[in-house]
Every structure is written in structure tokens, then in C-alpha cells.
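Below you'll find the structure, written out as C-alpha cells, and then a few comments.
The values are calculated or read from the model by the stated rules, or taken from the named source; none is laboratory data. Predicted, not measured: the structure shown is a model, and the values here were computed from it. For neighbour counting, all protein chains shown are included, and Cβ atoms are generated from backbone atoms with ideal geometry for every residue, glycine included.
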Amino acid sequence: MSTILPGTPSDQIPAVLATGTTDVRMIFVSMSAREPRGHDAAYLEWHSLDHRPEQYRLAGIRHSIRVVSTPACRAARAFSTARYDAVDHVMTYFFTANAAFDQFSALSTALGGDRRQFALPSVDAGYFRLAGKVAAARAIAGADVIPWRPARGLYLIVEQGATSPAALAHVAGVAGIWWHAGGTPPDPAIRANAGLQVTYCYLDDDPVTVAGLLRRPLEQRWAAGQVTPLFAAPFHTLVPFEWERHLP
């Protein structure tokens, strides 16, 4: 059940807004299928305790979040295309504008060898620039800090085209939303994705429950014809040291 806190939302307090705003300008999204041998929990343990924390040695990394799709999450998907059907794991890194993008892939390579015992089949990966952000008033925390507010999960939307999804923040269980636009990546090894929009709805209620509440607003959004859905699905946030808690 969503938490309702007392007080004035920080986005309505000029003195709070005057102290600063997020310097995140880009995200890297990695979508993967489940581990072929069923070793998802072992992969999540390795990635969470070794690979993921090492990324914070890079200049310009501000945040990261990993989410997992369960069978119930899969059943609650509002839309999917063949391109994204296999997605069960999503890893996201948040970068500043002047981040060390050239070192991001170099570090991944350097961490290989006997340290890297597992790999997930990649479905898609790409860079997206931050296009907009909004917080639900009941969240109290402002739009600039929503990704750092504890979340039970994400509702991830991939669309062709671009239009604000801010109205979805009125749906119960959605604490806030960041949306991101594709384009030319800072790493030439990653394909361009101009025309795509990726939306992260940060959830403070059960992802499957919120997925049910989002279905009708999403159908209305797509019926308007400004964007074409490619993928729309709920995910659970990974719980540290409970690697088997949410598995595909």
C-alpha cells in the first residue's frame, strides 16, 4: 500500500528548489533475458556485489537501479512486441552530462576474466537523455530526487514517438516519473535509437497491482495516436541479499 506522508511537496517550496537540481542528463538501459541455465539468482548476486558497485569509481555516475520481472509481472504486461518479449531483467545507470562514457565500456571489459562467471542474454541496450520528470504530490519528495526515493518497483514503458507521460503520476502507486529520449549515443559501439522514448514510473505499491491501475490510462494514451507502444511492463526492484525473492 502506498505511503502518504504529511507536509508540503518539495516541488512547491521555492526555497528547496533554489538549493539545487539533479545533474543527471543521460541513462544507460540494459535489457536482458533470463540466465539460460536458470542461474538468475547467482547472476544477480555477482552483479550486485561485484560488477555494479565497481561502476561508481567512474566520474559522472550518480545512481543505478536493477529490476526483475516475475511470472506475475509478465502476465500483467499491457503491451509487448517480439523485440522485447524476452526481457526479464533491466539494469539502468544514471550519468551526468560530462560523465566518463569512454570508461564505462572499458571498465566492463577490465572486470572480465575470472571475475565474470555469468552473463545474461542481451535483448537491447541504449543511451537515453533525460527529457522530463514529475513527482506525485503525495510523494512529498520532488521530481529531481524520485529515482533515489525507495521504490517497490518500476513500470517501464518503451514507445515510438514522444509525448509527456506526466498524467500517469496521478495513478495510485506511482510516486513519480522520469522519461527519456533516444538519440545519438555517446559510445559509437551502441546503436542509435532516435525516435524512442523510455518512461520509468517509480512505484511505491505492488508493481502488479499498479500495473492493473495503469492499463486503462495507457490504453487511452495510445489511442490518442501520438506515440506507438512497443513495451509496457511492471518490474520488482531487486532486494539485496534476497537474490531469489523476485525471479523470472
Inset, instruction - Could you check, for segment 151-164, whether at least one of its residues is at pLDDT 95 or above and over 21 Å from Ser30 (Cα atoms)? - result: yes
Inset, instruction - Can you tell me which residue within segment 54-73, out of those that are among the basic types (Lys, Arg) and buried (at least 16 other Cβ atoms within 10 Å of the Cβ), is nearest to the chain's Cα centre (by Cα)? - result: Arg66
Legend entry - Where Met91 falls short, out of the listed (1) surrounded by 15 or more Cβ atoms within 10 Å (Cβ to Cβ); (2) modelled with pLDDT under 95; (3) not acidic (Asp, Glu); (4) not in a helix (DSSP H, G or I): (2)
Inset, instruction - Return only the number of the condition from (1) of a type in the set (A, V, I, L, M, F, W, C); (2) under 18 Å from Ala78 (Cβ atoms); (3) touching a strand residue (DSSP E or B) at 6+ places or on another chain (Cβ under 6 Å) that Ala167 does not satisfy. - result: (3)
Legend entry - segment 151-199, residues that are more than 16 Å from Phe128 (Cα to Cα) and either among the β-branched types (Val, Ile, Thr) or in contact (Cβ under 8 Å) with a residue 60 or more places away in the chain (or both): Ala151, Arg152, Gly153, Leu154, Tyr155, Val171, Ala172, Gly173, Val174, Ala175
Inset, instruction - Within segment 191-206, work out how many residues are within 18 Å of Met31 (Cα to Cα) and crowded, with 16+ Cβ neighbours inside 10 Å. - result: 8
Legend entry - Of residues in segment 94-110 being of a type in the set (A, V, I, L, M, F, W, C) and part of a loop (DSSP other than H, G, I, E, B), the one farthest from Tyr155 (Cα to Cα): Ala100
Inset, instruction - Please find, within segment 151-173, the residue that is farthest from Val239 (Cα to Cα) out of those that are surrounded by fewer than 16 Cβ atoms within 10 Å (Cβ to Cβ) and in contact with a Ser or Thr (Cβ under 8 Å, 6 or more places away or on another chain). - result: Gly161
Legend entry - Residue satisfying condition, being closer than 19 Å to Thr8 by Cα and either in contact with a Pro (Cβ under 6 Å, 6 or more places away or on another chain) or surrounded by 20 or more Cβ atoms within 10 Å (Cβ to Cβ) (or both), within set Gly176, Gly182: Gly176
Legend entry - Total residues in segment 78-88, condition surrounded by fewer than 19 Cβ atoms within 10 Å (Cβ to Cβ) and outside any strand (DSSP E or B): 6
Legend entry - Condition check for Ala131: in contact (Cβ under 8 Å) with a residue 40 or more places away in the chain, farther than 21 Å from Pro248 by Cα and assigned to a loop (DSSP other than H, G, I, E, B): no
